[in-house]
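Here the structure comes first, spelled out in C-alpha cells, and everything after it is commentary.
The values are calculated or read from the model by the stated rules, or taken from the named source; none is laboratory data. All values reported here derive from a predicted model rather than from experimental measurement. Note: ideal-geometry Cβ built from the backbone for every residue, glycine included; neighbour counts use all protein chains shown. Accessible surface areas use protein heavy atoms only, side chains included; no ligands, DNA or RNA. Shrake-Rupley method; radii C 1.70, N 1.55, O 1.52, S 1.80 Å.
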Amino acid sequence: MSELQIALLLIAGVVLAGLYLAGKWQERRLLRRLGEELGGRVGDALLDEAGPGRPQPAAFGRGAAAPRRIEPGQQAPSAIEPGEPPAPPAPAPARRSDWIEDPMLDCVLELRCARPVDGVSFIDAAVPLTAAQWPLPVRFVVWDARAQQWVHADRFGYYTDALAAIQLANRRHVLDEEQIGRFVACVRQVAGVLDADCDPPDVTRLAAGARDLDRLCARFDVRIGLTLESATGPWSEARVAAAAVHSGLQPLAELRWTPPRQTGTAPLVLAMPGPVSDRVVLELDVPAAGPDCGAVQQLFGLGNQLGVRLNARIVDDNGRPIDSHSVPAIEAQLDKLYGEMRGAGIDPGGERARRLYV
C-alpha cells in the first residue's frame with residue numbers, strides 16, 4: 001500500500017468520526033431544546049447514564065402505561081395537569097324501525113349477504129324499491145347485530161341481513177297478483193345488486209291470502225255516525241271550523257277535523273259535505289277504537305258540545321232525534337263485534353287494527 005493510499009484512509013476515518021460526533025451533538029442539542037419546551041430535561045438514552053438527579057428511562061410493559069400517540073390537530077398532554085382529554089363522541093346509533101313484521105298483513109322477503117355490506121350500498125340498492133309508487137306501505141330494514149334489532153340502514157354501518165316487506169291489504173286497497181309479482185321482482189333486483197340470496201315466494205298463494213285478508217277487513221269495517229242538523233239554516237266552513245277548534249279538534253283534511261292522537265282518545269272524525277251545509281257528520285271508527293276507552297261516550301259527548309256551539313240537534317240517518325240514552329244499546333252491539341274481531345286475530349284498537357283501518 002502506498003503512502004498516498006494510507007493518507008487517504010486516515011483522512012476518510014477522521015471525516016467519518018467528525019460526522020458521527022457532529023450528529024450526536026446535534027441530537028443532544030435537539031433533545032435538550034425539546035425538554036425545555038415541555039418544561040423539563042429530557043435524558044439522552046445514548047449519551048447520558050441514569051443517576052442521581054437524572055430522570056430514569058420510562059418502563060414499558062405490564063403495569064406501565066404506554067405513551068399516548070398525539071394525532072395531528074391535537075395538543076401535547078400537559079405535564080402539570082394530569083388526565084386524558086375527553087374521548088371523541090361515539091357514532092349515533094342507527095334509527096330503529098317502528099315497523100314490526102306481521103305474518104297476517106305482510107309479504108316479507110329476506111335478503112342474506114355472504115359477507116358484511118356497507119350501509120351506503122344497502123341504501124343505494126333499495127332506492128328502486130322505496131322510491132317506487134306502491135298502493136300500500138313498503139318497508140326495507142336491516143339487522144343491526146350490535147343493537148339486536150331491525151333498523152333503517154345507516155351509511156356508517158355494515159349489515160348482512162335485510163327484510164323487504166309490503167302490506168297485502170287494508171280497508172282502502174288490496175294487492176292483486178300482478179302487483180305482488182312486481183314487488184317480488186323489484187326485491188330480487190335489490191338482492192342482485194347486493195349479491196344477496198333471496199328466496200322467491202309463491203305469488204299466487206300470496207294473492208289468495210291478500211283477498212282473504214280483504215274480506216276479513218271488510219267484515220269488521222264499521223263506523224257509527226251522528227248527524228248534526230242545523231236549526232237556523234246552513235253553516236259556513238268558517239263557522240264549523242271555529243266550533244270544531246273550540247271543541248278540541250284539529251284539521252285533518254279539507255272540511256274534516258279530528259281530536260289529537262292521545263292515549264285513550266277515540267278515533268273520531270267530523271266531516272262537512274261542502275263549504276256551506278246545514279248538516280255535518282261525526283263518525284266513530286269502530287275497529288280502530290280500543291274497547292276500554294269509552295268510545296261511544298266520547299262520541300256522544302263531543303256531539304253534544306258541537307250541537308250547543310252550532311245550535312244543532314243530533315239525529316239518525318232517518319232524521320229522528322237521538323240522545324245519550326242510546327249509549328248502552330250501542331255498547332252492547334260493539335262488545336259482540338269486538339269479540340268476533342278477537343276471534344279472527346284482530347285486537348280492537350291494536351297495532352294490527354290500526355294498520356288495517358287507516
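Here are some notes:
- Considering the range 238-358, its Cα convex hull presents a mean projected area of 7.8 nm².
- Listed peptides 96-107, 7-18 by packing density, highest first (mean Cβ within 10 Å): 96-107, 7-18
- For the range 252-306, the alpha-carbon radius of gyration amounts to 1.16 times the rule-of-thumb value 2.2 N^0.38 Å expected for a compact globular protein.
- Sorted largest first by accessible area at a 1.4 angstrom probe radius, with every protein chain in place, the residues 120, 240 fall in the order 120, 240.
- Of the listed residues 204, 232, 265, the order by accessible area with a 1.4 Å probe, largest first, is 232, 204, 265.
- Sorting the segments 284-292, 329-337 by their residues' average number of neighbouring beta-carbon atoms within 10 angstrom, most packed first, yields 284-292, 329-337.
- Karplus-derived 3J(HN,Hα) values for the range 257-273, using 6.51 cos²θ - 1.76 cosθ + 1.60 with θ = phi - 60°, are 9, 8, x, x, 6, 9, 4, x, 8, 6, x, 10, 9, 9, 10, 10, x Hz; glycine and proline are entered as x.
- Taking label points 7 Å from Cα along the Cα-to-Cβ direction, residue 118 and residue 351 give a separation of 3.3 nm.
- Residues 144, 214, sorted by accessible area with the largest first, give 214, 144 [1.4 Å probe; ligands and nucleic acids excluded].
- Compactness relative to 2.2 N^0.38 Å, alpha carbon Rg of the range 173-325: 1.48
- Expressed in Å, the radius of gyration and Dmax of the Cα atoms of the range 191-236 are 23.8, 70.
- Along the axis of the charge dipole computed for the range 205-276 (Cβ charges of +1 for Lys and Arg, -1 for Asp and Glu, origin at the Cα centre), the listed residues 240, 220, 266 are led at the positive end by 220.
- The Cα atoms of the range 307-358 cover 42, 23, 18 Å along the three principal axes, with the biggest extent listed first.
- Kirkwood Rh in Å, taken over all unlike Cα pairs in the range 139-178: 12.1
- Considering only alpha-carbon pairs that sit under 8 angstrom and 6 or more positions apart, the relative contact order computed for the range 134-229 is 26 percent.
- Over the range 226-307, relative contact order from alpha-carbon pairs under 8 Å, at least 6 apart, %: 33
- Here the calculated FRET efficiency for residue 104 and residue 232, from their Cβ-Cβ distance with R0 = 41 Å, stands at 0.25, rounded to the nearest 0.05.
- Kirkwood hydrodynamic radius of the range 159-247, from inverse mean 1/r over distinct Cα pairs, in Å: 17.5
- Overall, the accessible surface of the range 98-159 at a probe of 1.4 angstrom is composed of carbon and sulfur to the extent of 52 percent.
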